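Engineer: This structure is in structure tokens; I'll ask about it shortly.
The values are calculated or read from the model by the stated rules, or taken from the named source; none is laboratory data. Just so you know, these numbers come straight off a predicted model, no measurement behind them. Neighbour counts are summed over all protein chains in view; Cβ atoms, including those assigned to glycine, are modelled from backbone coordinates with ideal geometry.
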């Protein structure tokens, strides 16, 4: 059964070129709320600060907070991209991270080559990528453009390809940075159906979003992050097609 657990996890991200005595350092102090440190000449920002979290099968967790609160860092830590400086992370089950659908792709490579590159970035085997490629090509609807370099693609075509590759796999644990949807009306409809299938298939969902509506619709738990710390946590009840209206912005007062 899928299981995710963080115990007292802290993650510090280096900020290169930020001199502790410079104006840039003062700006960092203001933006990061003073959560920075300098060691051996390298300044780092404490992006997650002593976060503990346990998720089991059936959990649908909504994560919200202002820009820079630590939402994306939390997802990347859960995915294993960022190792914690302290604390521990336990994962049981396969993980699919949709934090950056374009990660690992090369504008000078063809669409087919980028299917392979993005697949490797998603930690898929070469055999799995080969098996998934025909379905990815068909779903993208890009046809002969897949034999051309990505530099020839429009922004919409790039997002189509990234979406088709990223959503080609299913996993026990699904990590989403906002709800993925893109393209024209016809493609968007197919994209929504695929996202629905993937989310429903996942044993655990972690959804970072600025949208209270998404949290109402998809989640049975919610946490607020502020300066890398969990400042509120709420059980929202069972996910249903029409959940009761909950004022997510007031969750921070219910500690």
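Engineer: Restricting to the range 105-124, what's the tally of residues that are farther than 14 Å from residue 161 by Cβ, modelled with pLDDT under 95 and outside any helix (DSSP H, G or I)?
Structural biologist: Qualifying residue count for the region: 2.
Engineer: Restricting to the range 1-22, what's the tally of residues that are at pLDDT 85 or above, surrounded by 12 or more Cβ atoms within 10 Å (Cβ to Cβ) and assigned to a loop (DSSP other than H, G, I, E, B)?
Structural biologist: Qualifying residue count, the range 1-22: 1.
Engineer: Still on this structure, please answer the following. Residues 30, 73, 54: which one is surrounded by 14 or more Cβ atoms within 10 Å (Cβ to Cβ), out of contact with any helix residue (DSSP H, G or I) (no Cβ under 6 Å at 6 or more places or on another chain) and either at pLDDT below 90 or under 28 Å from residue 215 (Cα atoms) (or both)?
Structural biologist: Of 30, 73, 54, the one residue that is surrounded by 14 or more Cβ atoms within 10 Å (Cβ to Cβ), out of contact with any helix residue (DSSP H, G or I) (no Cβ under 6 Å at 6 or more places or on another chain) and either at pLDDT below 90 or under 28 Å from residue 215 (Cα atoms) (or both) is 73.
Engineer: Also: Does residue 178 satisfy the criteria of being closer than 23 Å to residue 78 by Cβ, surrounded by fewer than 18 Cβ atoms within 10 Å (Cβ to Cβ) and modelled with pLDDT of 90 or more?
Structural biologist: no
Engineer: Inside the range 118-132, can you point out the residues that are more than 18 Å from the chain's Cα centre (by Cα) and either touching a residue at least 24 places away in the same chain (Cβ under 8 Å) or surrounded by fewer than 17 Cβ atoms within 10 Å (Cβ to Cβ) (or both)?
Structural biologist: Within the range 118-132, 125, 126, 127, 128, 130, 131, 132 qualify.
Engineer: Within the range 137-159, is even one residue closer than 17 Å to residue 96 by Cβ and in a helix (DSSP H, G or I)?
Structural biologist: Looking through the range 137-159, at least one residue is closer than 17 Å to residue 96 by Cβ and in a helix (DSSP H, G or I).
Engineer: Would you point out the residue of the range 134-153, among those that are under 24 Å from the mean Cα position of the chain (by Cα) and under 23 Å from residue 192 (Cβ atoms), that is surrounded by the fewest Cβ atoms within 10 Å (Cβ to Cβ)?
Structural biologist: Result: 135.
Engineer: Might you check whether a residue that is touching a strand residue (DSSP E or B) at 6+ places or on another chain (Cβ under 9 Å) and either modelled with pLDDT of 95 or more or farther than 30 Å from residue 5 by Cβ (or both) occurs anywhere in the range 150-158?
Structural biologist: Yes, the conditions are met somewhere in the range 150-158.
Engineer: Could I ask something else about it? May I ask you to list the residues in the range 81-93 that are surrounded by fewer than 20 Cβ atoms within 10 Å (Cβ to Cβ) and either modelled with pLDDT of 95 or more or touching a strand residue (DSSP E or B) at 6+ places or on another chain (Cβ under 7 Å) (or both)?
Structural biologist: Within the range 81-93, 84, 85, 86, 87, 88, 89, 90, 91, 92, 93 meet the criteria.
Engineer: Still on this structure, I have one more. Against the definition (closer than 23 Å to residue 72 by Cα and in contact with a helix residue (DSSP H, G or I) (Cβ under 6 Å, 6 or more places away or on another chain)), how does residue 160 come out, yes or no?
Structural biologist: Taking the combined requirement at face value, the residue satisfies it.
Engineer: Here's another thing I want to ask about it. Given the structure, is residue 170 in contact with a helix residue (DSSP H, G or I) (Cβ under 9 Å, 6 or more places away or on another chain), farther than 21 Å from residue 107 by Cβ and not in a loop (DSSP other than H, G, I, E, B)?
Structural biologist: Spelling it out, it is not the case that residue 170 is in contact with a helix residue (DSSP H, G or I) (Cβ under 9 Å, 6 or more places away or on another chain), farther than 21 Å from residue 107 by Cβ and not in a loop (DSSP other than H, G, I, E, B).
Engineer: Would you confirm, using the coordinates I've provided, whether residue 218 is buried (at least 19 other Cβ atoms within 10 Å of the Cβ) and more than 26 Å from residue 46 (Cβ to Cβ)?
Structural biologist: In short, yes.
Engineer: Moving on to the next point. Suppose the filter is closer than 27 Å to residue 125 by Cβ and at pLDDT 90 or above; does residue 228 pass it?
Structural biologist: no
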